[in-house]
1. On the basis of being among the hydroxyl-bearing types (S, T, Y) and in a loop (DSSP other than H, G, I, E, B), does S362 make the cut?
2. Please verify whether Y213 is over 15 Å from the mean Cα position of the chain (by Cα), modelled with pLDDT of 95 or more and over 27 Å from T393 (Cα atoms), treating the condition exactly as stated.
3. For the stretch 364-376, indicate whether the set of residues that are farther than 19 Å from T307 by Cα and surrounded by fewer than 18 Cβ atoms within 10 Å (Cβ to Cβ) is non-empty.
4. Taking G278 and the conditions (1) under 19 Å from V187 (Cα atoms); (2) at pLDDT 95 or above, which numbered condition does it fall short on, given that it satisfies the others?
5. Only one residue in K452, K401 is charged (D, E, K, R), touching a residue at least 24 places away in the same chain (Cβ under 8 Å) and either touching a His at 6+ places or on another chain (Cβ under 8 Å) or buried (at least 21 other Cβ atoms within 10 Å of the Cβ) (or both). Which one?
6. Considering only residues that are over 27 Å from the mean Cα position of the chain (by Cα) and of a type in the set (A, V, I, L, M, F, W, C), look in the stretch 284-332 and name the one that is modelled with the highest pLDDT.
7. Out of contact with any helix residue (DSSP H, G or I) (no Cβ under 9 Å at 6 or more places or on another chain) and at pLDDT below 90 - does that describe any residue in the stretch 150-166?
8. Could you list all residues from the stretch 289-341 that are surrounded by fewer than 16 Cβ atoms within 10 Å (Cβ to Cβ), touching a helix residue (DSSP H, G or I) at 6+ places or on another chain (Cβ under 9 Å) and of a type outside the set (V, I, T)?
Amino acid sequence: MKKATEYEQKRLENIKRNEQLLASLNIKSKLSDLSASKRQRAETKSYKVSPAKKVKSETPIVIRRSLRTQGKAPDLAGLKDDFSETPKKLSNLKSHVIPNKSPRELIPISMRDAKTSSESDEALVSKISSVCKESRLKDGDCGKKYRVTASVDLDSMKLAPENVARVVPNRILSVKLFPSTYMNIVVVGNKFGDVGFWNVDSEDKDGDGIYMYHPHPAPVSAIVIQPFSLNKIITSCYDGQVRSLDIEKEMFDLAYSSEHAIFSMFQRLDDVNSLFFGEGHGVVRCWDERSGKTSFSWELHETRINTIDFNPENVNMMATSSTDRTVCIWDLRKLGKSKPNSLKMVTCERAVQSAYFSPSGSHLATTSLDDKIGVLSGANYDDEFMINHNNQTGRWLSTFKGVWGWDDSHIYVGNMRRGVDIISAEERRLVTTLDSPHMTAIPCRFDAHPLKPGMLAGATSGGQVYIWST
């Protein structure tokens, strides 16, 4: 072998020195004694299984198997359009009782207690009260001429940047313009039970003209403003409450309370003391405010009623739309205590979200989740046509509800590309779309000003309100 290098010799010397050091400390003998003691403890330790554990291990394990692996046919029933609601009939239970409800305030609530915005609402109360008194002096019964019928130049409708505001937080379900020519005020109701006011022409330097209140514990389903008394605003909610705001008294009075959800509400112009609302599963109730009792109640649909509307020229004719996929026209004079029969029924493929009469009452526009905008016309509304329209808003947006403008010509409905689609009832097609760089969200719910042709309010699921005008 070759002679070891100097490095190898030094390494071997270090190894020899380390072994001598370990031997002097007696490390190896101590390690052997420690390993021997561990083996002895391991041999003496008992690993007995308790009887309880034996019983548990003998319990059979059930493995869940799908219908496919069991060789069975799949369940094709699926979920209904109203799957979020409770079943229609349960033993000893009433339909559509809201679970885990918040405590109800069965007493009037003052505007001061319900106000959630920091801005003083003195200017709002003063404005509405003064306009109501002024209109009474000028028009006699304040709203005798409730709706102005006129054609509108669609190209002249614009969205000014000052006519855009976020009025309430979260999704708006209902929007209403004050039926007055003396002020531009919008009222909205959102998913949280808030009611917001926006005075568009506010001159208050300290605020933006927006006021918000919380009179309801659940989503606000409808808003009614009486044209004969502008200081009275009626709101309904999914918790079964109907409250009447008296601006002069500055009080949200509780007009009606029920265990069932209220999804829609309307009031006839010839009877300001009666309220019609869709309650629970397909029930239309007529409430007399003077007596505080129910005048009539009919079960007209199988599931919730999304809209109620009356023919402007024939107030005995009522139209209802429902989640049961039907649109019905009723004659109140023929609705008895027994199961009523409709004058006209149209069945769609999916839930119908709205059905509104045109200003003359000769047409009926419907909006459904089967991506259709329908128009019924003719002597008995037998002439029917459908227009394809994308109505798939999803779960985060309010459903589309097409509304009429200021004559029987056009229907205004939301567009998923942040616009307003205008459908011509005469040409039976989409004629144009209102869009603007100031519109940053999808408008879902609309209201056309009854006395100002060309003024259209659109509300979004983010709490914004856009007002188009000529």
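1. Values: among the hydroxyl-bearing types (S, T, Y): yes; in a loop (DSSP other than H, G, I, E, B): yes.
In short, yes.
2. Taking the combined requirement at face value, the residue satisfies it.
3. So far as the stretch 364-376 goes, no, none of its residues is farther than 19 Å from T307 by Cα and surrounded by fewer than 18 Cβ atoms within 10 Å (Cβ to Cβ).
4. Only one criterion in (1) under 19 Å from V187 (Cα atoms); (2) at pLDDT 95 or above is unmet by G278, namely (1).
5. Among K452, K401, only K401 is charged (D, E, K, R), touching a residue at least 24 places away in the same chain (Cβ under 8 Å) and either touching a His at 6+ places or on another chain (Cβ under 8 Å) or buried (at least 21 other Cβ atoms within 10 Å of the Cβ) (or both).
6. M317
7. First, pick out the residues of the stretch 150-166 that are out of contact with any helix residue (DSSP H, G or I) (no Cβ under 9 Å at 6 or more places or on another chain): 150-166.
Narrowing the set further to residues that are at pLDDT below 90 leaves 150-151.
Checked the stretch 150-166: at least one residue is out of contact with any helix residue (DSSP H, G or I) (no Cβ under 9 Å at 6 or more places or on another chain) and at pLDDT below 90.
8. F296, N316, N341 - these are the residues of the stretch 289-341 that are surrounded by fewer than 16 Cβ atoms within 10 Å (Cβ to Cβ), touching a helix residue (DSSP H, G or I) at 6+ places or on another chain (Cβ under 9 Å) and of a type outside the set (V, I, T).
The values are calculated or read from the model by the stated rules, or taken from the named source; none is laboratory data. Since this is a predicted model, take the numbers as computed values, not measurements. Using ideal geometry, Cβ is built from the backbone for each residue, glycine included, and neighbour counts are taken over all protein chains shown.
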